[in-house]
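Notes to accompany the following structure.
The values are calculated or read from the model by the stated rules, or taken from the named source; none is laboratory data. All values derive from a computational prediction rather than experimental measurement. Here Cβ is always computed from backbone atoms with ideal geometry, including for glycine, and neighbour counts include all displayed protein chains.
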């Protein structure tokens, strides 16, 4: 599966539950790619079943993720929301992950809102080194 916004993001936006300009966002790492059914069904962080286990420099729940809202693209009828690259988010880490999940942090897993799954295109591993994420495209919010 390629990178994808969670289906419930549309509901979160329609109910004004997510504000990319002022919300507190985090990113966590996952060991397997969510299925299409997971992308449709998962709503909150507590739904995630494939997060990297704590240890080896990784703490469950992930780390802070900065988001930037771009200008409206009237040609493609969308707005780009760009996550900032995580240069060395996890240091001295021994981690293997196939992707990441960006979410709005509300303080508890049961209410944290899932935003997007980012597919790394394969397993990325660090052994007692820095683990970061380089994003290649924004998350697009389509009209």
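Structure data summary
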{"read-out": "Answer residue from segment 1-13, given it is in contact with a strand residue (DSSP E or B) (Cβ under 8 Å, 6 or more places away or on another chain) and assigned to a loop (DSSP other than H, G, I, E, B) and is surrounded by the most Cβ atoms within 10 Å (Cβ to Cβ) among those", "value": "6"}
{"read-out": "Subset of segment 63-72 (residues that are free of Cβ contacts under 8 Å to residues at least 40 places away in the same chain and not in a strand (DSSP E or B))", "value": "71, 72"}
{"read-out": "Members of segment 7-39 found to be within 16 Å of residue 106 (Cβ to Cβ) and in contact with a helix residue (DSSP H, G or I) (Cβ under 6 Å, 6 or more places away or on another chain), listed by number", "value": "18"}
{"read-out": "Matching option when the condition is without any contact (Cβ under 8 Å) to a residue 40 or more places away in the chain, surrounded by fewer than 18 Cβ atoms within 10 Å (Cβ to Cβ) and in a strand (DSSP E or B), among 53, 88, 92, 16", "value": "92"}
{"read-out": "Residue in segment 37-47 that is touching a residue at least 12 places away in the same chain (Cβ under 8 Å), more than 13 Å from residue 117 (Cβ to Cβ) and in contact with a strand residue (DSSP E or B) (Cβ under 6 Å, 6 or more places away or on another chain) present", "value": "no"}
{"read-out": "Single unsatisfied condition, residue 139 versus (1) at pLDDT 95 or above; (2) buried (at least 16 other Cβ atoms within 10 Å of the Cβ); (3) under 16 Å from residue 23 (Cβ atoms)", "value": "(1)"}
{"read-out": "Qualifying residue in segment 73-83 (condition: within 15 Å of residue 28 (Cα to Cα) and in contact (Cβ under 8 Å) with a residue 24 or more places away in the chain)", "value": "yes"}
{"read-out": "From 102, 124, residue being out of contact with any helix residue (DSSP H, G or I) (no Cβ under 6 Å at 6 or more places or on another chain) and either touching a residue at least 40 places away in the same chain (Cβ under 8 Å) or under 27 Å from residue 22 (Cβ atoms) (or both)", "value": "102"}
{"read-out": "Filtered residues of segment 48-82 (kept if in contact with a strand residue (DSSP E or B) (Cβ under 7 Å, 6 or more places away or on another chain) and over 19 Å from residue 13 (Cα atoms))", "value": "48, 50, 51, 52, 56, 57, 58, 60, 61, 62, 63, 64"}
{"read-out": "Boolean, residue 123 is modelled with pLDDT of 95 or more, under 22 Å from residue 4 (Cβ atoms) and exposed (fewer than 14 other Cβ atoms within 10 Å of the Cβ)", "value": "yes"}
